[in-house]
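The values are calculated or read from the model by the stated rules, or taken from the named source; none is laboratory data. Everything numeric here is computed off the predicted structure, so don't read it as measured data. Please note: Cβ atoms are built from the backbone with ideal geometry, for glycine as well, and neighbour counts cover all protein chains shown. The protein model used for the area step is the full one, side chains on, heavy atoms only, and it has no ligands, DNA or RNA in it. Shrake-Rupley method; radii C 1.70, N 1.55, O 1.52, S 1.80 Å.
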Amino acid sequence: ENAPVTVTVTGAAGQIGYALLFRIASGDMLGPDTPVRLRLLEIPQAVKAAEGTAMELADCAFPTLESVDIFDDARKAFDGVGVALLVGARPRGPGMERGDLLEANGGIFGPQGEAINAGAASDVRVLVVGNPANTNALIAASHAPDVPADRFTAMTRLDHNRALSQLATKTGMPVSAIRRMTIWGNHSATQYPDVFQATIGGRPAPEVLDQHWVEHTFIPTVARRGAAIIEARGASSAASAANAAIDHVRTWVHGTPEGDWTSAAIVSDGSYGVPEGLVSSYPVVSREGRWEIVQGLELNEFSRARIDASIAELVDERDAVRDLGLL
Ligand code: NAX
């Protein structure tokens, strides 16, 4: 049996939190041999609801769940944290401008970054799910100067999984036959789901897929899937988002399969012309517990233009939060 890992989940009483906590506790994220100490962070008004979830967690009697503690104070919640899942965020309310949204989230992710800096384990892994996820991760990382930047990531695995599923449905192939799918850029409508590097049943995806379908159906379907879920369900993606968070952390800890890669938003080292320091989604492999950007891919003009557009949006968001003094 491995040493226990402290996992802190923010927004624990929200809908993603409800779908996520049971899977972490059951061992889906870190494996059956790693005991989990859960720490839930909520705002004071939602602590009672988090307590209800903690009661249900207890009632599952998960062998891998060692403890559950609930906090409304970030410093306490992140004390000793090994895996931090930053899910709680401020949603855009009616009449809220983008600047207001970035500022409200800066007020959450700045202090949480500081708390991680103060209390985290030396090998902490941070995944930001709360939107705008890439820029929230940038804010948190900038408030944690003692934590290596490569410990901060944002989630595009849901977009990645959505892309795999769309390709599987279109081609009649199993999801497992699709490899080397990439989401580039921002977790937003400008994201670029890139099939040009992908293989389907061992064949280059561009040979299997019609370019018109890729451009006019596939890309918009993946990029707007979140809105389609809201329209159908009357609430935003929760179980699939939680599943993607589990996938992201499990891959980070346990690695990517040989011959394949996945997508994650990580702090750019300048690869593929993405300005250094931006949190951008890339094709990545996980080796020995670290993300590495897949290098040497040839990008055609179409891909380059799509990536550049999403990067421009990330630059814009970064400049806006910088101007607000949030970095
Ligand atoms: P909910 O509104 O159901 O839950 C959010 C929870 O966060 C609430 O319980 C709230 O009390 C809590 N919270 C707010 N401020 C907090 C703070 N400072 N500290 C701790 N907790 C705090 O939202 P939910 O549907 O769970 O979604 C959470 C976030 O995930 C949203 O920002 C959403 O936009 C984002 N998503 C990101 C996705 C991604 O792929 N990166 C996809 C799914 C989802 O849309």
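Among the residues of the range 149-178, the ones that are small (Gly, Ala, Ser) and farther than 24 Å from residue 291 by Cβ come to 3 in all. Among the residues making up the range 49-73, those that are within 16 Å of the ligand (Cβ to nearest atom) and in contact with an Asp or Glu (Cβ under 9 Å, 6 or more places away or on another chain) are 49, 50, 54, 70, 71, 72.
Figure legend. Inter-residue proximity from the range 101-117: first residues touching a residue at least 60 places away in the same chain (Cβ under 8 Å), second residues of a type in the set (Asp, Glu) and more than 9 Å from the ligand (Cβ to nearest atom), beta-carbon distance below 8 Å, spacing 6+ or different chains. Indicated pairs: 102/317.
Examine the range 9-23 for a residue that is more than 26 Å from residue 111 (Cα to Cα) and assigned by TED's automatic domain parsing to the domain that holds residue 104, and state whether such a residue exists. Can you show your working first?
Kept after step one, since they are more than 26 Å from residue 111 (Cα to Cα), are these residues of the range 9-23: 22-23.
Restricting the remaining residues to those that are assigned by TED's automatic domain parsing to the domain that holds residue 104 gives 22-23.
Yes, because at least one residue in the range 9-23 is more than 26 Å from residue 111 (Cα to Cα) and assigned by TED's automatic domain parsing to the domain that holds residue 104.
Put simply, of 52, 130 the only residue that is in the same structural domain as residue 15 (by TED's automatic domain parsing) and surrounded by fewer than 14 Cβ atoms within 10 Å (Cβ to Cβ) is 52.
For every residue, the table says whether it meets (1) in contact with a Ser or Thr (Cβ under 9 Å, 6 or more places away or on another chain); (2) at negative phi; (3) not in a loop (DSSP other than H, G, I, E, B).
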residue: 237; (1), (2), (3): no, yes, no
residue: 242; (1), (2), (3): no, yes, yes
residue: 253; (1), (2), (3): yes, yes, yes
residue: 281; (1), (2), (3): yes, yes, yes
residue: 286; (1), (2), (3): yes, yes, yes
residue: 292; (1), (2), (3): yes, yes, yes
residue: 298; (1), (2), (3): no, yes, no
residue: 315; (1), (2), (3): no, yes, yes
residue: 325; (1), (2), (3): no, no, no
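Given the structure, is residue 266 more than 28 Å from residue 24 (Cα to Cα) and not assigned by TED's automatic domain parsing to the domain that holds residue 127?
Values: more than 28 Å from residue 24 (Cα to Cα): no; not assigned by TED's automatic domain parsing to the domain that holds residue 127: yes.
Spelling it out, it is not the case that residue 266 is more than 28 Å from residue 24 (Cα to Cα) and not assigned by TED's automatic domain parsing to the domain that holds residue 127.
Condition check: without any contact (Cβ under 8 Å) to a residue 60 or more places away in the chain and of a type outside the set (A, V, I, L, M, F, W, C). Does residue 182 satisfy that? Working first, answer last.
Working: without any contact (Cβ under 8 Å) to a residue 60 or more places away in the chain: no; of a type outside the set (A, V, I, L, M, F, W, C): yes.
Against the criterion (without any contact (Cβ under 8 Å) to a residue 60 or more places away in the chain and of a type outside the set (A, V, I, L, M, F, W, C)), residue 182 does not qualify.
Scanning the range 92-136 for residues that are farther than 18 Å from residue 73 by Cβ, in a helix (DSSP H, G or I) and within 13 Å of the ligand (Cβ to nearest atom) yields 101, 102, 104, 105, 106, 133, 134, 135, 136. Scanning the range 297-314 for residues that are in contact with a helix residue (DSSP H, G or I) (Cβ under 6 Å, 6 or more places away or on another chain) and more than 20 Å from residue 223 (Cα to Cα) turns up nothing. Total residues in the range 166-196 satisfying the condition of being within 14 Å of the ligand (Cβ to nearest atom) and of a type outside the set (Val, Ile, Thr): the figure is 7.
The single condition among (1) away from the ligand (no atom under 16 Å from the Cβ); (2) part of a loop (DSSP other than H, G, I, E, B) that residue 89 does not meet is (1). Checking each residue in the range 118-127 for being surrounded by fewer than 20 Cβ atoms within 10 Å (Cβ to Cβ) and either closer than 22 Å to residue 237 by Cβ or touching a residue at least 60 places away in the same chain (Cβ under 8 Å) (or both) picks out 121, 123. The single condition among (1) in the same structural domain as residue 247 (by TED's automatic domain parsing); (2) modelled with pLDDT under 95 that residue 122 does not meet is (1). Selection within the range 25-48: residues that are of a type in the set (Asp, Glu) and touching a helix residue (DSSP H, G or I) at 6+ places or on another chain (Cβ under 9 Å). The member of this set that is nearest to the ligand (Cβ to nearest atom) is 42.
If you filter the range 7-24 down to residues that are under 21 Å from residue 251 (Cβ atoms) and surrounded by fewer than 24 Cβ atoms within 10 Å (Cβ to Cβ), you find that the one that is nearest to the ligand (Cβ to nearest atom) is 19. The set of residues in the range 179-208 that are open to solvent by 50 Å² or more (accessible area, probe 1.4 Å) and assigned to a strand (DSSP E or B) comprises 179, 203, 204. Taking the range 148-173 as the range and being open to solvent by 20 Å² or more (accessible area, probe 1.4 Å) and outside any helix (DSSP H, G or I) as the test, the residues that pass are 148, 172, 173.
Suppose we filter the range 256-315 for residues that are small (Gly, Ala, Ser), more than 21 Å from residue 189 (Cα to Cα) and surrounded by 13 or more Cβ atoms within 10 Å (Cβ to Cβ); how many remain? Outline the logic, then answer.
Our first condition is that a residue be small (Gly, Ala, Ser); within the range 256-315, this holds for 259, 263-265, 268, 270-271, 273, 277, 280-281, 286, 289, 296, 303, 305, 309-310, 312.
Retained after the next criterion (residues that are more than 21 Å from residue 189 (Cα to Cα)): 259, 270-271, 277, 286, 289, 296.
With surrounded by 13 or more Cβ atoms within 10 Å (Cβ to Cβ) added as a condition, the list becomes 271, 277, 286.
Of the residues in that region, 3 qualify.
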